[in-house]
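Trainee: Below you'll find the structure I mean.
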Number of protein chains: 2
Amino acid sequence: MGNLEIRPAVADDIPAIVAMLADDPLGAQRESPDDLTPYLAAFQHLDGDPNQHLAVAVREDRVVGTLQLTVIPGLSRKGATRSIIEGVRVHADERGSGLGTRLVQWAIDESRRQECQLVQLTSDVTRTDAHRFYERLGFEASHVGFKLPI
Amino acid sequence: MGNLEIRPAVADDIPAIVAMLADDPLGAQRESPDDLTPYLAAFQHLDGDPNQHLAVAVREDRVVGTLQLTVIPGLSRKGATRSIIEGVRVHADERGSGLGTRLVQWAIDESRRQECQLVQLTSDVTRTDAHRFYERLGFEASHVGFKLPI
């Protein structure tokens, strides 16, 4: 396989990112890859925000992975800045290749560059393989994640 | 008791906010209320970011509660914007008064004003009273929350 590059996403990457978001047991029920309009609008918000880092992994000009990193300043823990990882996806052709590890390691490294002291994420309780994956990377399942659709 | 007001925090509120962050079984181990320097620096970052809403609840000119609301645009869920609640604290004198509910309801209402479709938060697995509190407010414990100090 060719070299892998992890770089900031651009608007032209959106179709490939949305296809990966939808190619997932949970995402299949809540994404609309046939209508990119809301995704392109959301990308404009992400692209203009210095605390947002939407990344893609690219191999041989193909987008094969993505994640979103958000940097959040705060008062807790002596004014610690934390980062949150969301929307981690690896293309079906690349699963098991170590790309997920590369992506999350990129997010950890970028969090250090952004002077974060803590990286956090939540994972649906049904994604037990993902939980083992994050524990192998050193994350601790120390919290319960609550969500409320509004 | 006098009327309660929930309003954006200002720099003068920082000592009272930090005192509440520290007056907590977990916070007592990780805050430094005798040195406000890192908190004041963090407040400058929060104050300049339109996606950050650090709120205080004030009764009779006393700060008696706080939380931090962060608005996060994203691609997942058809370009949904979500909000994250962090650092919810109620002054010891006010516990059991319904102030926690008022604060979180304020965060939900503010999230709607910010056009969020989802409110989320994580709570340490040891805070079982807090878990029941969030479930009573309609939140679902659907996720596992992972953290990695860096």
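The values are calculated or read from the model by the stated rules, or taken from the named source; none is laboratory data. Small disclaimer: the values here were computed from a predicted structure and weren't measured. Positions of Cβ are generated from backbone atoms using ideal geometry, with glycine treated the same way; all protein chains shown enter the neighbour counts. Note: areas computed on protein heavy atoms with side chains; ligands, DNA, RNA excluded. Shrake-Rupley method; radii C 1.70, N 1.55, O 1.52, S 1.80 Å.
Trainee: Got the residue A:132 label distances to the other copies yet, label 7 Å along Cα→Cβ, in nm, shortest first?
Mentor: Output for residue A:132: 3.5 nm, nearest copy listed first.
Trainee: How large, in percent, is the carbon and sulfur part of the accessible surface of the protein assembly as shown at a probe radius of 1.4 Å?
Mentor: It is 47 percent, rounded to a whole number.
Trainee: Further question on the same structure: Decide, for segment B:99-150, between rounded, prolate and oblate: order the square roots of the alpha carbon gyration tensor eigenvalues as a ≥ b ≥ c, take rounded if a/c falls under 1.5, and otherwise choose prolate if a/b is larger than b/c, else oblate.
Mentor: oblate
Trainee: Sort A:116-125, A:96-105 for me by packing, meaning the mean count of neighbouring Cβ atoms within 10 Å per residue, highest on top.
Mentor: The densest-packed peptide leads the list: A:116-125, A:96-105.
Trainee: Take the rotation relating chain B to chain A, measure from its axis to every Cβ in chain B, and name the nearest residue with the distance in whole Å.
Mentor: Nearest to the symmetry axis by Cβ: B:145, 2.
Trainee: Another one. Placing the label point 7 Å from Cα along the Cα-to-Cβ direction, what are the distances from residue A:112 to the equivalent spots in the other copies, shortest first, in nm to one decimal?
Mentor: Distances between equivalent label points, in nm: 4.5.
Trainee: Within a 10 angstrom radius of each residue's Cβ in A:22-29, how many Cβ atoms of other chains show up on average? Whole number is fine.
Mentor: Numbers: counts 0, 0, 1, 0, 2, 2, 0, 0.
Per residue, the number of nearby Cβ atoms from other chains is 1 on average.
Trainee: Roughly how large is the B-A contact in terms of buried accessible area, totalled over both chains, probe 1.4 Å, nearest 100 Å²?
Mentor: 5500 Å²
Trainee: Using a 10 Å cut-off on Cβ atoms, rank the peptides B:127-139, A:138-150 from the highest mean neighbour count down.
Mentor: Highest-to-lowest ranking by the protection proxy: A:138-150, B:127-139.
Trainee: Per residue, how much accessible area does chain A have with a 1.4 Å probe, in Å²?
Mentor: Spelled out: the 1.4 Å probe surface of chain A, per residue, equals 46 Å².
Trainee: If one takes the longest principal axis of the Cα atoms in chain B, at what angle in degrees, from 0 to 90 and to the nearest 10, does the Cα axis of helix B:37-47 lie?
Mentor: That works out to roughly 40 degrees.
Trainee: Hey, another quick one. What relative contact order, as a whole-number percentage, does chain A give when Cα pairs under 8 Å and 6 or more residues apart are counted? Could you put the intermediate results ahead of the total?
Mentor: Values: 188 pairs, mean separation 27.9, N = 150.
Relative contact order, chain A: 19 percent.
Trainee: On a 0 to 90° scale, report how tilted helix B:99-113 is relative to the longest principal axis of chain B, with both axes built from alpha carbons and the result rounded to the nearest 10.
Mentor: Approximately 50 degrees, to the nearest 10.
Trainee: Calculate how many DSSP beta bridges within the protein assembly as shown are antiparallel, expressed in % of all such bridges and rounded to the nearest 5. Write out the running numbers ahead of the final one.
Mentor: Working: 59 of 65 bridges.
The answer is about 90 percent antiparallel.
Trainee: In nm, what does the list of distances from residue A:101 to its counterparts in the other copies look like, shortest first, when each label sits 7 Å along Cα to Cβ?
Mentor: 4.9
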